[in-house]
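Working notes, beginning with the structure itself.
The numbers here are math on the coordinates, done by the rules we state, and not lab data. Remember, it's a predicted structure, so these values are computed and weren't measured experimentally. Reconstructed Cβ throughout: ideal geometry from the backbone, glycine too, with neighbour counts over all protein chains shown.
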Amino acid sequence: MIVFISSTKARILLLSYCFLIKSPLVMQLNLPAKLATFTLILIISIISDAFSQKTETNYFNDVTATHLPIDPESHPLDVVLADVDKDGDLDAILALENLPNRLYLNDGTGKFTWKKGVFAEKSHDTEHLRVGDFDKDGNLDVVFVAEDDRNHEFYLGNGDGTFRDVSDRLPAKSEANGLDIGDVNGDGLLDIVVGNTSDNAHNFLWLNDPKKPGYFIDYTEKGLPGPGSQTQSIKLIDLNGDGHLDLVEGNEVPPNRLFFNDGKGHFTEKPDNLELLVPLHTREVLVFDANGDKKPDILFLNLTSNGGKFEKDPTARLLINDGKGKFKDETEKRIPKQEYSSYAGTVFDFNKDGKPDIFLSALKIPPFQPMQAQALQNDGKGNFKLVTADVIPESTVGRSWGISVGDVNKDGKPDLFIGQWGTQARLLLGK
């Protein structure tokens, strides 16, 4: 009889049993056969459980070793899942720090292969990327922003997993980190906002040219007040329910800022609409309906001072929308106190109860110690509790930066692709 063992845990149990049953230690115990067998099974089960807990929880299975290219030095700072070759599955585009950006193609089962030579071979200090159809040809395009070397990139997709470099269509260079896209002036074309990080730099607003879709007009001076405050994250979303995309800045230098859009791409700052109780060094802005009232709320993910003049509280701050675009900081009663900093995060319903939960990267600063990614469960009313041990595998320890959610193996369950600085990117399949 031939027995096929598919479970990793079962394989560990069988191999361990075969090894230990003949070991000198067990033979010296001289136990009765049944007792020896029971004792061995108990010991081996404990060992195998400890092993499996490193890569599996009740919600996710870390399949990195079998599903991703192995390259622990790739430094992916951002990841977007999108079907760039129109084969019906989600591929992964990675923004890499000081390496050429990458495309990982999905074979349809969630296993990815690095397709080399798709983007420019020259390395840049790439921070973030966004994907969308900028030239209205039905194919997905990609825009990247870079910080230290100031070289942003723009690629038009051919629909088959290849791209054409048209970076010269971007109006300006800058030290940038924040990036988002959306139709800010109602002409049906995707526009670009860029969050710049150098001192007193003005953030960029680039309008897609309706006469030449896929080309951009610098509308910054007319449309977006400045200067910025070393913007690390920037988000376009309708915050006051008027149907126009508004803008939130997450800044390294306080305060974070909020702008309302008149629908034509003209933004007006609304400092009184954003309650900020403590100074923040924000690295990412997340916007979602936390409390189930169908109004978007704001979550700021933060660092400590990172060597600044004074320490800042790194706890993520949750600001609740009053329904008219005014946001009140209700962090103290809704978010668990945290000692770790977060460079990135995402929102999705990991326990499938219809309520948006939070997934956070975690890094202890100082001394820049990587930690396991963190999971916060929503009770549906916008109150969150820490449930990391039940949800997130221990194998996610690392400097998690870019995080993207999507069903990569088409089983109807959300999966997580995690970019990690200085260590292997990770893929967690939903269970």
Can you list the residues, at least 5 places off or on another chain, whose amide H is less than 5 Å from the amide H of Lys364, using H built in the peptide plane? Ser341, Gln369, Met371
Pull up all non-local amide H partners of Arg283: gap of 5 or more, or a different chain, and H-to-H distance under 5 Å with H placed in the peptide plane. Leu301, Asn302, Leu303
Could you calculate the FRET efficiency of Arg150 with Asp353 from 1/(1 + (r/R0)^6), where r is the beta carbon distance between them and R0 is 41 Å, rounded to 0.05? 0.40
So if each residue of separation counts as 0.36 nm, and I subtract the Cα-Cα distance between Asp390 and Lys413, what length gain in nm does that give? 6.6 nm
Taking the Cβ of Val347 as the center, what net charge do the other residues with Cβ under 13 Å away carry, scoring Lys and Arg +1 and Asp and Glu -1? -3
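Can you tell me the relative contact order of the chain? Whole percent, Cα pairs under 8 Å, sequence separation 6 or more.
14
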Work out, step by step, the length gained on full extension between Lys136 and Glu275: first 0.36 nm times the residue separation, then minus their alpha carbon distance; give nm to one decimal. 46.2 nm
Please list 3J(HN,Hα) in residue order for region 413-422, calculated via the Karplus relation 6.51 cos²θ - 1.76 cosθ + 1.60 where θ = phi - 60°; whole Hz, with x for glycine and proline. 10, x, 10, 10, 10, 10, x, 10, 6, x
Charge tally in the Cβ shell below 11 Å around Gly265, where Lys, Arg are +1 and Asp, Glu are -1, Gly265 excluded: -2
Net lengthening on full extension, Thr66/Glu339 (0.36 nm per residue, minus Cα-Cα): 94.9 nm
Once you have a ≥ b ≥ c as the square roots of the Cα gyration tensor eigenvalues for the chain, tell me rounded if a/c is under 1.5, and otherwise prolate or oblate according to whether a/b is larger than b/c. prolate
For His128, His244, what ranking results if the residue with the fewest other Cβ atoms within 10 Å of its Cβ goes first? His244, His128
Please find, in a Gaussian network model of the chain (springs between Cα atoms separated by less than 10 Å), the residue of Phe368, Phe216, Phe154 whose mean-square fluctuation is greatest. Phe368
So which of Lys115/Lys410; Lys295/Lys355; Lys86/Lys111; Lys86/Lys115 end up more than 18 Å apart by C-alpha? Lys115/Lys410
Residues Asp87 and Lys264, FRET efficiency given R0 of 41 Å [Cβ-Cβ distance, rounded to 0.05]: 0.60
Using per-residue counts of other Cβ atoms within 10 Å, averaged over each peptide, order 181-189, 373-381 from highest down. 373-381, 181-189
Virtual spin-label span in nm between Asp242 and Lys115, 7 Å along Cα→Cβ: 4.2
May I ask you to evaluate 6.51 cos²θ - 1.76 cosθ + 1.60, the Karplus curve with θ = phi - 60°, for each residue of region 396-407 and list the ³J(HN,Hα) values in order in whole Hz, giving x for glycine and proline? 7, 4, x, 7, 5, 10, x, 9, 10, 10, x, 8
How do 317-324, 414-421 rank on mean C-beta neighbours within 10 Å, highest first? 414-421, 317-324
Which residue fluctuates the most in the chain, going by a Gaussian network model with Cα springs under 10 Å, if the choices are Lys211, Lys352, Lys173? Lys211
Specify the residue with the greatest mean-square fluctuation among Pro69, Pro296, Pro314, computed from a Gaussian network of the chain linking alpha-carbon atoms under 10 Å apart. Pro69
Residues meeting the amide H criterion for Glu175 (H placed from the backbone, H to H distance under 5 Å, 5 or more places apart or on another chain) are Thr197, Ser198
